[in-house]
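Okay, structure first, notes after.
The values are calculated or read from the model by the stated rules, or taken from the named source; none is laboratory data. Note that this is a predicted model, so its numbers are computed, not measured. Cβ placement follows ideal geometry from the backbone for every residue including glycine, while neighbour counts extend to all protein chains displayed. These accessible areas exclude ligands, DNA and RNA; they are computed on the full protein's heavy atoms, side chains included. Shrake-Rupley method; radii C 1.70, N 1.55, O 1.52, S 1.80 Å.
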Amino acid sequence: MFLDIIVLSILLTLLLKGNPMKVLTYRYRCIFFFPIPLILQLLGVWWPQTSPVLNIGAYVLLLVVLLLNFHIPGILYVFTGTLMNTIAVSLNGGKMPVLRWMASQIGIHSVDAKHVFVDTVNWRILLGDVTTVVFPWGRSFVISVGDVLITLGIAIFFLSVLKAGEEQHERAIQ
């Protein structure tokens, strides 16, 4: 889903006559750590028995990298959404809870090593994947409140390079 949002944000930035490449001019901190959470989650998929520990570790490292980059537009939302997802994963044994009946409505009948199906709603899954989004081009997902905030942050990040966000962009590159 996040790939869809990145592409949409770039297209919207271009449509509004912005230059999405300007995001490369931000002064990122410790950005070289950013791929490590993805690698940890991939390792968890390859070795499912380690997934809960690797998944939580990935979220914690991602939170640290995001925290170091609060000066970048949109990162506050990405951080908050990631924190909410981290809480959901931590409360559910290292896996993101997914409402089974919600997933089945969009044709998802199995989950990967990073997710776990749940059949009943309780306080431990409120921050989990509990609602669906269906894009007009046919892709559909079960998402969490944290995912919505991450999506908002990604859009703000790319759109920040537009004229209206130029002042914020200047602050973030200094």
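GNM, the chain, Cα, under 10 Å: largest mean-square fluctuation among Leu43, Leu62, Leu149?
Comparing Leu43, Leu62, Leu149 in a Gaussian network model of the chain, the most mobile one is Leu43.
Accessible area of the range 39-141 with a 1.4 Å probe: how many percent of it is carbon plus sulfur? Don't jump to the answer; show the numbers that get you there.
Numbers: 3700 of 5370 Å².
C and S atoms contribute 69 percent here.
With a probe of 1.4 Å, find how much accessible area the chain has per residue, and write the answer as a whole number in Å². Write down the numbers at each step before the final one.
Values: 9650 Å² over 174 residues.
Spelled out: the 1.4 Å probe surface of the chain, per residue, equals 55 Å².
Report the charge-dipole magnitude of the chain in Debye, nearest 20, computed about the Cα centre from +1 at each Lys and Arg Cβ and -1 at each Asp and Glu Cβ.
180 debye
Name the helices (complete DSSP H segments) of the chain with a Cα length along the long axis of 20 Å or more and a Kyte-Doolittle mean of at least -0.5, or state none. Can you show the working numbers first?
On the way: long enough: 51-68 (25 Å, 2.34); 75-91 (24 Å, 1.60); 145-159 (21 Å, 2.38).
Helices passing the filter in the chain: 51-68, 75-91, 145-159.
What does DSSP give for the chain in terms of the percent of beta bridges that are antiparallel, rounded to the nearest 5? Walk me through the intermediate numbers first.
On the way: 4 of 9 bridges.
The antiparallel fraction comes to roughly 45 percent.
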